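The values are calculated or read from the model by the stated rules, or taken from the named source; none is laboratory data. Predicted, not measured: the structure shown is a model, and the values here were computed from it. As a convention, Cβ positions derive from the backbone with ideal geometry for all residues, glycine included, and neighbour counts pool all protein chains shown. Just so you know, the surface numbers come from the protein's heavy atoms only, side chains and all, with ligands and any DNA or RNA stripped out. Shrake-Rupley method; radii C 1.70, N 1.55, O 1.52, S 1.80 Å.
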Amino acid sequence: MAGEEVRLRERKSRAIEIFRTTPPKTVCPNFYVLSHANGCAFGPQCEYCYLKSSFWYLGGRQEAFSNVEGMIAETGRWIEKDGLESYVLNSGNLSDSLAFEEARPLVGELVELFREKAEKRGRPHTLLVVTKGGMRECATLFAKEACRNVIVSFSVNSNEAAAQYERGAATVEDRLEAARRLKKAGWRVRMRIDPMIAGFDYGEVVRALA
């Protein structure tokens, strides 16, 4: 959905770094993060979003990094590495993976990179795409053949909670429809109910996921 105006700028520091969960006993594996943007282009942002407390939200600024060629090259070098702590590259940790595609296309090139350098070579390196987007935001993926080294993970909620707290994101049904179509096309699809909010009935969305 249309959101805030996106500012494009070149990233000066490296885009890929390891993210270690804290505290150490957290039941969540470590992973690498691809920092391709700051904030989220969905507008309004979800009411509960922790990113609102981050420095780049001051003044309502959403940033996407414009040096795509550099990020692709850095990702290619990451795929070439062995002995990594994790072989998952999360593109949706500090921003939605697909919300910036209209302002700054990136995912299509990443898919082809992982197809050539990881899938065809039998490498374990995997791109994780995390989104609250729907059919519109997934347009790039629909135009590509599925790549087994790419996982598309949709965050969904109850219809009532999404309508109240996630007004800028795609509707739950839109997300589910995009997930159905991607799965049918051969993509690896993950679904997660996130976050679960007290006071809402999650039976309907659980049945839809099942």
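Cα-based count: Lys pairs in the range 64-157 below 21 Å, eight or more positions apart or different chains?
Details: Lys81/Lys117; Lys81/Lys120; Lys117/Lys144; Lys120/Lys144; Lys132/Lys144.
Lysine pairs satisfying the spacing and distance rule in the range 64-157 number 5.
Which ³J(HN,Hα) values in Hz, rounded to whole numbers, follow from the phi angles of the range 180-186 under the Karplus curve 6.51 cos²θ - 1.76 cosθ + 1.60, where θ = phi - 60° and Gly and Pro get x?
For the range 180-186, the Karplus-derived couplings read 4, 5, 5, 4, 4, 7, x Hz, x marking Gly and Pro.
If the only charges are +1 at each Lys and Arg Cβ and -1 at each Asp and Glu Cβ, what is the size of the charge dipole of the chain around the Cα centre, to the nearest 20 debye?
Roughly 600 debye for the chain.
Taking the Cα centre of the range 133-180 as the origin, how large is its charge dipole in debye, to the nearest 20, when only Lys and Arg (+1) and Asp and Glu (-1) carry charge on their Cβ atoms? Kindly include the intermediate steps, with their values, before the conclusion.
On the way: 6 positive and 7 negative charges, 40 e Å.
Using Cβ point charges on Lys, Arg, Asp and Glu, the range 133-180 gives about 200 debye.
Quickly rank 173-179, 202-208, 127-133 as a protection proxy: mean count of other C-beta atoms within 10 Å, highest first.
On the way: 173-179: 19.6, 202-208: 13.4, 127-133: 24.9.
Per-residue Cβ counts within 10 Å, averaged per peptide and sorted highest first, yield 127-133, 173-179, 202-208.
Beyond 32 Å, what share of the Cα-Cα pairs of the chain remains, rounded to the nearest whole percent? The partial results should precede the final answer.
Numbers: 3009 of 21945 pairs.
Considering the chain, 14 percent of its Cα-Cα pairs are separated by more than 32 Å.
So if R0 is 25 Å, what FRET efficiency would Asn30 and Ala73 give, r being the distance between their Cβ atoms, rounded to the nearest 0.05?
Values: r = 24 Å, r/R0 = 0.95.
E(calc), rounded to 0.05, equals 0.60.
Quote the relative contact order of the chain in percent (integer), defining contacts as alpha-carbon pairs under 8 Å separated by 6+ residues. Spell out each step's value before the answer.
Working: 370 pairs, mean separation 42.7, N = 210.
In percent, rounded to a whole number, it is 20.
Any idea how far apart Ala185 and Arg14 come out in nm if each label point goes 7 Å out from Cα toward Cβ?
3.3 nm
Looking only at Ala162, Ala139, Ala73, which one moves most when the chain is put into a Gaussian network model with springs between Cα atoms under 10 Å?
Its mean-square fluctuation being the largest, the pick is Ala73.
May I ask you to give the solvent-accessible area per residue for the range 133-196, in square angstrom, as obtained with a 1.4 angstrom probe?
Details: 3100 Å² over 64 residues.
On a per-residue basis, the range 133-196 sits at 49 Å².
Rolling a 1.4 angstrom probe over the protein heavy atoms, how many square angstrom per residue are accessible across the range 80-129?
Normalised by residue count, the accessible surface of the range 80-129 is 41 Å².
Sum -39500 (n - 2.57) across every DSSP H segment of at least 4 residues in the chain, then divide by the residue count to get the 222 nm mean residue ellipticity, nearest 500.
Details: 6 runs with 51 residues, N = 210.
Roughly -6500 deg cm²/dmol at 222 nm, from the helical runs in the chain.
Which residue fluctuates the most in the chain, going by a Gaussian network model with Cα springs under 10 Å, if the choices are Phe100, Phe200, Phe42?
Looking only at Phe100, Phe200, Phe42, the biggest GNM fluctuation is shown by Phe200.
Which residues' amide hydrogens lie under 5 Å from the amide hydrogen of Asn90, considering only partners 5 or more residues apart or on another chain, with H built in the peptide plane?
Tyr32, Val33, Leu34, Leu128
Can you tell which of Ile193, Ile16, Ile79 shows the greatest fluctuation in a Gaussian network model of the chain with Cα springs below 10 Å?
Taking springs between Cα atoms under 10 Å, the residue moving most is Ile193.
Report in % the part of the accessible area of the chain that belongs to carbon and sulfur, leaving out ligands and nucleic acids; probe 1.4 Å. Walk me through the numbers before you get to the answer.
Details: 5590 of 10760 Å².
Roughly 52 percent, rounded to a whole number.
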